[in-house]
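The values are calculated or read from the model by the stated rules, or taken from the named source; none is laboratory data. The structure displayed is predicted, hence computed values, not measured ones. Note: ideal-geometry Cβ built from the backbone for every residue, glycine included; neighbour counts use all protein chains shown.
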Ligand SMILES: Cc1cc2nc3c(=O)[nH]c(=O)nc-3n(C[C@H](O)[C@H](O)[C@H](O)COP(=O)(O)O)c2cc1C
């Protein structure tokens, strides 16, 4: 099985599937992965795996974006930044491990009909279904998938030096810095319409994370980036933690402070 860093480097969104339901073995592996996923940021998050039986003619509406998927994750979470950050952080753990198992996924926050996916589901108070995600074996890319990827500029990522800074917000992170690789993995993370709202400042041996919001999913996106960072640190046996610092460096206008990683 490929390791988690390879999964972060190779993963792409998959929107065309082979039409087969998950095997029982895959289903139970994914259920275990959901159970083990965790987040230090608080808030209420619930992740479920649901089969939609296409043979009975039921196809939930994804506005043509997703083809041939029978199984979907449903991700419900509460209002507020903590829950959004946790949902990104936890569900990306599932996405990466699914990729390691050879299964494709695609985070879907906009192009789904809530009433189709939410039918028959009840959620804890304050939790709402906000993301769905097909999971299964990839088929060749469809025309719609090619167009979706092109429209979102999915292959592109912003340059490292436009996202991550050292000491203050005008200096680049040196090539030799110990956080360089973990931040590079943030850069590769998926985000809604590939908007990449994550920003970070390395200072005093810590990493301060910020969000430069550009949609209502920006904090969720940042949770995904933080997951890549944390998983890379853990991969190398480093067990730092995230804290909220009252005196974190003041970011440029419009950026929101999220959390600080302490080694
Ligand atoms: C929170 C979130 C929401 C997304 N919502 C949609 C969506 O509604 N429809 C869609 O086709 N893709 C959606 N995507 C997939 C992104 O367009 C994709 O991750 C991005 O373009 C980067 O491409 P990649 O995942 O192949 O690296 C979403 C991704 C994220 C992280």
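When region 55-110 is examined, which residues are found to be within 13 Å of the ligand (Cβ to nearest atom), farther than 16 Å from residue 136 by Cα and either part of a strand (DSSP E or B) or assigned by TED's automatic domain parsing to the domain that holds residue 226 (or both)?
75, 77
Check whether at least one residue in region 173-187 is surrounded by fewer than 17 Cβ atoms within 10 Å (Cβ to Cβ) and either within 16 Å of the ligand (Cβ to nearest atom) or closer than 21 Å to residue 37 by Cβ (or both), and report yes or no.
As a first pass, look at region 173-187 and keep what is surrounded by fewer than 17 Cβ atoms within 10 Å (Cβ to Cβ): 174-178, 180-181.
With the extra rule that they be either within 16 Å of the ligand (Cβ to nearest atom) or closer than 21 Å to residue 37 by Cβ (or both), the set shrinks to none.
Checked region 173-187: no residue is surrounded by fewer than 17 Cβ atoms within 10 Å (Cβ to Cβ) and either within 16 Å of the ligand (Cβ to nearest atom) or closer than 21 Å to residue 37 by Cβ (or both).
Go through (1) part of a helix (DSSP H, G or I); (2) surrounded by 15 or more Cβ atoms within 10 Å (Cβ to Cβ); (3) within 13 Å of the ligand (Cβ to nearest atom) for residue 232 and report which single condition fails.
Status for residue 232: all satisfied but (3).
Checking the conditions here, which among 124, 134 is assigned by TED's automatic domain parsing to the domain that holds residue 24 and surrounded by 17 or more Cβ atoms within 10 Å (Cβ to Cβ)? Don't jump to the end; show me each part of the working.
On the way: 124 fails: surrounded by 17 or more Cβ atoms within 10 Å (Cβ to Cβ).
Selected residue: 134, the only one of 124, 134 that is assigned by TED's automatic domain parsing to the domain that holds residue 24 and surrounded by 17 or more Cβ atoms within 10 Å (Cβ to Cβ).
Among the residues of region 5-32 satisfying the criterion of being touching a helix residue (DSSP H, G or I) at 6+ places or on another chain (Cβ under 9 Å) and away from the ligand (no atom under 16 Å from the Cβ), which is farthest from residue 233 (Cα to Cα)? Working first, answer last.
Filtering region 5-32 down to residues touching a helix residue (DSSP H, G or I) at 6+ places or on another chain (Cβ under 9 Å) leaves 5-16, 19, 21-22, 26, 29-30.
Filter once more, so that each one left must be away from the ligand (no atom under 16 Å from the Cβ): 19, 21-22, 26, 29-30.
Numbers: 19: 36, 21: 34, 22: 31, 26: 27, 29: 24, 30: 23 Å.
Top of the filtered list is 19.
Only one of (1) over 19 Å from residue 232 (Cα atoms); (2) part of a helix (DSSP H, G or I) fails for residue 221. Which number is that?
Condition not satisfied by residue 221: (1).
Quick check on my filter: what residues within region 188-211 are away from the ligand (no atom under 16 Å from the Cβ) and part of a strand (DSSP E or B)? Walk me through how you get there before you give the answer.
Of region 188-211, the ones away from the ligand (no atom under 16 Å from the Cβ) are 199-210.
Passing the criteria: 199, 200, 201, 202, 203, 206, 207, 208, 209, 210.
What pairs come out if I take residues in region 113-132 that are at positive phi and pair them with residues that are surrounded by 18 or more Cβ atoms within 10 Å (Cβ to Cβ) whose C-beta lies under 7 Å away, six or more apart or interchain?
Filtered contacts from region 113-132: 126/44; 126/78.
One line per residue, one yes/no per condition, for (1) touching a residue at least 60 places away in the same chain (Cβ under 8 Å); (2) farther than 22 Å from residue 191 by Cα:
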{"residue": "2", "(1), (2)": "yes, yes"}
{"residue": "5", "(1), (2)": "yes, no"}
{"residue": "9", "(1), (2)": "yes, no"}
{"residue": "18", "(1), (2)": "yes, yes"}
{"residue": "27", "(1), (2)": "no, yes"}
{"residue": "74", "(1), (2)": "no, no"}
{"residue": "80", "(1), (2)": "no, no"}
{"residue": "87", "(1), (2)": "yes, no"}
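Tell me which residues, restricted to region 135-154, are within 8 Å of the ligand (Cβ to nearest atom) and out of contact with any helix residue (DSSP H, G or I) (no Cβ under 7 Å at 6 or more places or on another chain). Lay out the reasoning, then the answer.
From region 135-154, those within 8 Å of the ligand (Cβ to nearest atom) are 148-149, 152-154; that's our starting set.
Within region 135-154, 148, 149 meet the criteria.
Within region 111-134, how many residues are out of contact with any strand residue (DSSP E or B) (no Cβ under 8 Å at 6 or more places or on another chain) and more than 9 Å from the ligand (Cβ to nearest atom)? Spell out how you get there, then give the answer.
Step one: filter region 111-134 for residues out of contact with any strand residue (DSSP E or B) (no Cβ under 8 Å at 6 or more places or on another chain), giving 111, 113, 115-116, 119-120, 122, 125-126.
Narrowing the set further to residues that are more than 9 Å from the ligand (Cβ to nearest atom) leaves 113, 115-116, 119-120, 122, 125-126.
Number of matching residues: 8.
If you scan region 3-52, which residues turn out to be more than 20 Å from residue 140 (Cα to Cα), part of a loop (DSSP other than H, G, I, E, B) and at pLDDT below 95?
52
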